[in-house]
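Peer 1: The structure's right below; bear with me while I get my questions together.
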Amino acid sequence: ALSQVGGEWPADGRIIGIVAGQDLTGLREVRQAVLDAGMVPLVVAATGGTLDDGTGEPVTVQRTFTTARSIEFDAILLAGTPAAGADAYAARDAKADESRAHVTDPRVLLLVSEAYRHGKAIGGWSGALHVLEAAGVPDLAPGVVLGDEGPAVLGELTGLLAKHRVWERFPTEV
């Protein structure tokens, strides 16, 4: 009765971590779509406060790269490639070496790799493939959804949430 394997459940109330990247418009659309689907969006960014590019409503950040861990999310969405936070090792290294200026924040890599190992659904668009590669997550793995726009990725990801985890990542045969 307590097993999560083999059953399906509604996506209502699931918590979706949306990691802010360069696509703030897509993030806004996905955040609203998550709310409309009865799920809970938590926006994760380098720093707290709000994100505002001047083209729409500012987006409130609920978690930072420092405070977010994969255990609190049922799925992770990457709204593009997030820039490293100013306090990340990658950002400090970039100041000394221009070739490292576009390195993904190591805390985002940890978040994504842990979510993958925990069997959680992961999706992304607008350059999210770079983050997956850097985190060691195969883009063709079960439960990994990539697309051109956020709402389409969310649609596929929502279907994966019915099984709670992506059990196909854990082979039963030795």
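Peer 1: (1) of a type in the set (Asp, Glu); (2) at pLDDT 95 or above; (3) assigned to a loop (DSSP other than H, G, I, E, B): which one isn't true of Glu114, the others all being true?
Peer 2: Glu114 satisfies all of (1) of a type in the set (Asp, Glu); (2) at pLDDT 95 or above; (3) assigned to a loop (DSSP other than H, G, I, E, B) except (3).
Peer 1: Within the set of pairs 6+ apart or on separate chains, which have a first residue in region 80-108 that is within 24 Å of Val153 (Cβ to Cβ) and modelled with pLDDT of 50 or more, a second that is among the hydroxyl-bearing types (Ser, Thr, Tyr) and open to solvent by less than 20 Å² (accessible area, probe 1.4 Å), and C-beta atoms under 8 Å apart?
Peer 2: Sorted first by the residue in region 80-108, then by its partner, the pairs are Thr81/Thr104; Pro82/Thr104; Ala84/Thr104.
Peer 1: Residues of region 70-92 being within 11 Å of the chain's Cα centre (by Cα) and in a loop (DSSP other than H, G, I, E, B), which ones?
Peer 2: Phe73, Asp74, Gly80, Thr81, Pro82
Peer 1: Residue by residue through region 38-56, note down the ones that are in a loop (DSSP other than H, G, I, E, B), in contact with a strand residue (DSSP E or B) (Cβ under 9 Å, 6 or more places away or on another chain) and modelled with pLDDT under 95.
Peer 2: If the condition is that a residue be in a loop (DSSP other than H, G, I, E, B), in contact with a strand residue (DSSP E or B) (Cβ under 9 Å, 6 or more places away or on another chain) and modelled with pLDDT under 95, then Ala46, Thr47, Gly48, Asp52 are the ones that fit.
Peer 1: Name the residues in region 128-148 that are open to solvent by 40 Å² or more (accessible area, probe 1.4 Å) and in contact with an Asp or Glu (Cβ under 8 Å, 6 or more places away or on another chain), would you?
Peer 2: Within region 128-148, Leu129, Glu133, Asp139, Pro142, Leu146 qualify.
The values are calculated or read from the model by the stated rules, or taken from the named source; none is laboratory data. Source: prediction; values computed, not measured. Note: ideal-geometry Cβ built from the backbone for every residue, glycine included; neighbour counts use all protein chains shown. What goes into the accessible areas is simple: the full protein's heavy atoms, side chains included, and nothing from ligands, DNA or RNA. Shrake-Rupley method; radii C 1.70, N 1.55, O 1.52, S 1.80 Å.
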